[in-house]
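Peer 1: A single structure is presented below for examination.
The values are calculated or read from the model by the stated rules, or taken from the named source; none is laboratory data. On a predicted model such as this, the values are computed, not experimentally measured, just so you know. Here the Cβ positions follow ideal geometry from the backbone for every residue, glycine too, while neighbour counts run over all protein chains shown.
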Amino acid sequence: MSPSSYSITRRIVLLVLTIEFAAALCVTAVAVLYERQTHFRAFDVLLRGRADSLLGAVQDAEDSGDNIMLDSADVRAPHDDIYEVTDVSGRLLGRSSNWNGPSPDDFSSKPEKNPRLTGDAEFYTIREHHQSYRLIRIQGTRIVDPGDKGGIPRHAIIYYGASTRRVWGAVWQAAGFYAASSVAVLMVTGIVLLWLLDRSLAPLRQLASAAGKVSASSWDFAPPENARSIRELSPLVEALESLLAGLQRSFTQQRRFVGDAAHELKTGVALVKSSLQLLILRERNVEEYKTGIVRSITHSERMETLVARMLTLARIEEHHDTASDIGESVTADRAQRSALVYVLREAAADLASVAQERNINISFRDEKEVVAVIGAEPLRLLATNRLHNAIQHSPGGAEVVISVTQSNQMAVFQIEDHGEGIAPEDLPHVFNRFYRSDSSRSRKTGGTGLGLAIAKAIVEQYHGTIALGSQLGQGTTAIVALPIFEQPTGSWGS
């Protein structure tokens, strides 16, 4: 495994857990706010109840000043709570022993209200004894001697506070519960997610294992059926099958090509060797040596031609493969265009001496001015290839006819000879490399079995078609169709 590699499973698990962790933090924070609000509202109600109970301890002082007092025997406050009771004039009636009473700083902030409580209760948060206290301030009325004409109302101001430590303890306890629950959910989610991803990625691992078994000697590719049924993996399975099928064809063709080429070159080398060996078996005169050397040169030239055609075919196919790999469309390349009649006449002129030597007449029957999407050099090679083949396989005094027409959006040219023709059983194989229907005849004419393969490669490179029509004893017609470029506005010359 390379240092830069990473695991998709690990990334997905980490991503999901990170999102869940962020969600858990948000939920815990909201829970803390909710628990704080709930507990403090309940705490305020408790403070109000304790402050009201403290108001109940306010009694008539029964003195000449008609004052009130706080009966400490009726005070039932927890030992750590703080309180103070005054009358409306500010006279102190009673105070807890652990507090010196409220200071102006305790009321510097705006008082809070509790919507669950009615009346004029005000709440403050103060610091006392190095901890936080919740303080309530109420102004209450105490009815003294209710039997005396309905009682005498006595007014008092009560301050009562209690530590918020227990409240915050309850809040943080609830927050801890939410946090622990979130951690448990994260752990369960991580385990379940790993299990699910392991099961979900099993078809992908099986597919990789099946693809890894493919080699140049074994092309058996058996993808798992569950991978084919998965929507995300089905395109990958089809792409692998198509790729491997193409590679298998390519390897098979390459192996066959190398084998055929080796056979042809071996035959040529054997002929040269045998010709030279015959010369040294015994003493020979000058003419015999000359004849043997000429024969060796002929075989060497044939091997040279074979190698040249093999290189030509390899270059054409390499260009075609490169264009396909980078998505080029030769048809769309408007710079590659040629006038068929013009190039065909050039090819006929180049082979005029060969045709004259064999007493073959080259003529044009139809000469429609059409321009095809193909480069001039590939078209010249294609035309020379087919025209030379027609001349070679035509008897002396025969005629080779060239015609150029248009069919739909294709530019079509035909080269027709009146030679011996091709047997029907050989026609399906004539475009195969090194295929020759008559080996002795090919040796005689110097054929390599690559001419039609080269022609087909050129035509397919430009998205055209090539076909042969032939009858034994009557001749053969090569039909080439190429994408048309445009209607020419004038003659391209001859």
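Peer 1: Considering only the stretch 18-68, how many residues are touching a strand residue (DSSP E or B) at 6+ places or on another chain (Cβ under 6 Å), of a type outside the set (A, V, I, L, M) and at pLDDT below 90?
Peer 2: Residues meeting the conditions: 2.
Peer 1: Moving to a separate point now. Can you name every residue in the stretch 344-375 that is among the aliphatic types (A, V, I, L, M) and more than 51 Å from the chain's Cα centre (by Cα)?
Peer 2: As a first pass, look at the stretch 344-375 and keep what is among the aliphatic types (A, V, I, L, M): 344, 347-349, 351-352, 354-355, 360, 362, 370-374.
A348, A349, L351, A352, V354, A355, I360, I362, listed by residue number.
Peer 1: Looking at the stretch 166-209, which of its residues are within 20 Å of A31 (Cβ to Cβ) and of a type in the set (K, R)?
Peer 2: If the condition is that a residue be within 20 Å of A31 (Cβ to Cβ) and of a type in the set (K, R), then R166 is the only one that fits.
Peer 1: Right, next: Checking G375 against (1) over 17 Å from E460 (Cβ atoms); (2) of a type outside the set (A, V, I, L, M); (3) surrounded by fewer than 21 Cβ atoms within 10 Å (Cβ to Cβ): exactly one of these is not met. Which one?
Peer 2: Only one criterion in (1) over 17 Å from E460 (Cβ atoms); (2) of a type outside the set (A, V, I, L, M); (3) surrounded by fewer than 21 Cβ atoms within 10 Å (Cβ to Cβ) is unmet by G375, namely (1).
Peer 1: Just the residues that are over 21 Å from T38 (Cα atoms) and surrounded by 15 or more Cβ atoms within 10 Å (Cβ to Cβ), please, taken from the stretch 108-138.
Peer 2: Those that are over 21 Å from T38 (Cα atoms) and surrounded by 15 or more Cβ atoms within 10 Å (Cβ to Cβ): E128, I138.
Peer 1: Provide a single number: the residues in the stretch 14-57 that are aliphatic (A, V, I, L, M) and either touching a His at 6+ places or on another chain (Cβ under 9 Å) or within 29 Å of V185 (Cα to Cα) (or both). Give the steps one after another, and end with the answer.
Peer 2: Initial filter on the stretch 14-57 (aliphatic (A, V, I, L, M)): 14-17, 19, 22-25, 27, 29-33, 42, 45-47, 51, 54-55, 57.
Applying the additional criterion that residues be either touching a His at 6+ places or on another chain (Cβ under 9 Å) or within 29 Å of V185 (Cα to Cα) (or both) yields 14-17, 19, 22-25, 27, 29-33.
The total comes to 15.
Peer 1: Let me ask you something else. Among the residues of the stretch 372-392, how many are closer than 13 Å to G451 by Cα and not aliphatic (A, V, I, L, M)? Can you show your working first?
Peer 2: Residues of the stretch 372-392 that are closer than 13 Å to G451 by Cα, as a first pass: 381-390, 392.
Right, trim to not aliphatic (A, V, I, L, M) and you get 384-386, 388-389, 392.
Selection size over the stretch 372-392: 6.
Peer 1: Just a yes or no: is a residue in the stretch 80-97 surrounded by 16 or more Cβ atoms within 10 Å (Cβ to Cβ), within 20 Å of A42 (Cβ to Cβ) and within 60 Å of the chain's Cα centre (by Cα)?
Peer 2: Let us first name the residues in the stretch 80-97 that are surrounded by 16 or more Cβ atoms within 10 Å (Cβ to Cβ), namely 81-87, 93-96.
Among the residues that remain, those that are also within 20 Å of A42 (Cβ to Cβ) are: 81-83.
Add one more test, that the residue is within 60 Å of the chain's Cα centre (by Cα), and what stays is none.
Scanning the stretch 80-97 turns up no residue that is surrounded by 16 or more Cβ atoms within 10 Å (Cβ to Cβ), within 20 Å of A42 (Cβ to Cβ) and within 60 Å of the chain's Cα centre (by Cα).
Peer 1: Also, I was wondering about something else. Are there any pairs, at least 6 apart or on different chains, whose C-beta atoms fall under 7 Å, with the first in the stretch 33-55 and within 13 Å of W168 (Cα to Cα) and assigned by TED's automatic domain parsing to the domain that holds E84 and the second at pLDDT 90 or above and not in a helix (DSSP H, G or I), and if so, which?
Peer 2: Every condition considered, the pairs that remain are F43/R134.
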